[in-house]
Amino acid sequence: MFYEKLNNIYRNTDCSKLFPETLVHNLELFVKNSLNAGYSFINPYRFAFEFNLSTRDSLKFFMYFTDTDGIFNISLFIECSTPACVSQQIFINNQLLQEEGVDHILFCQECDKDYEIEEIFPYIKTYFTLNPDADKLLHKENNDPNSTYETFKGLPDNLKPLSPSSLASIDGGAPTLEEVIESNVNAAGEPISSEVARIEATISPTSKLTQLIKGRGLK
Ligand SMILES: [Zn+2]
């Protein structure tokens, strides 16, 4: 079921022109292994490392699965620049930002420092998580009593092998939103993930879409 969903996305987009079908199997395995190991973040850097892709290609491949009918949600965050708050992640509610009249200001709850989103754009990082529908699909598929996925899910956090933050440090951290946006281009030069395109249009100070809307062209 889960593989069919991945393969449908692969076959119904130009993903099949850019990447071999074996990568779809690899992605299924990678997502299941990540969850089995207790990670809630699916790291495209680690996917690149395991399957010999450039990070750009790995991100591009992830873009095809990061949309309304995809399997990934993308979370945005920054790390507070106050030295005492160095590991403090401030998450950005990008749904909220897309509403009119909402201030594009972030606050660090630890030190009260505020940040203007457009100004800190290059420092915004991303996490990929499984969306609720994909998660349900995997759960349905997991009636196998030998599956370790359910076993790990039931464990308290401190008994899981590694926390997401230690995963991030092992794998060279989380991709920046700029890297993600750069990779979100298909063979025809169009955005792959409309969700990422929406985020770009909402918060990127040099948004190509915004420029296009304003008639300034793409380049
Ligand atoms: Zn802070």
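FYI, it's all coordinate maths here, none of it is from the lab. Please read these numbers as outputs of a predicted model, since none were measured by experiment. A quick note on method: Cβ atoms are made from the backbone with ideal geometry, for glycine too, and the neighbour counts reach across all protein chains shown.
Couple of notes before you dig in:
- Net charge in the neighbourhood of Thr126 (other residues with Cβ under 10 Å of its Cβ; Lys, Arg +1, Asp, Glu -1) is -1.
- A DSSP coil position with no more than 12 other Cβ atoms inside 10 Å describes the following GluC sites (Glu not before Pro) in the range 1-51: Glu21.
- Measuring between their Cα centroids, the range 53-117 and the range 1-38 lie 24 Å from each other.
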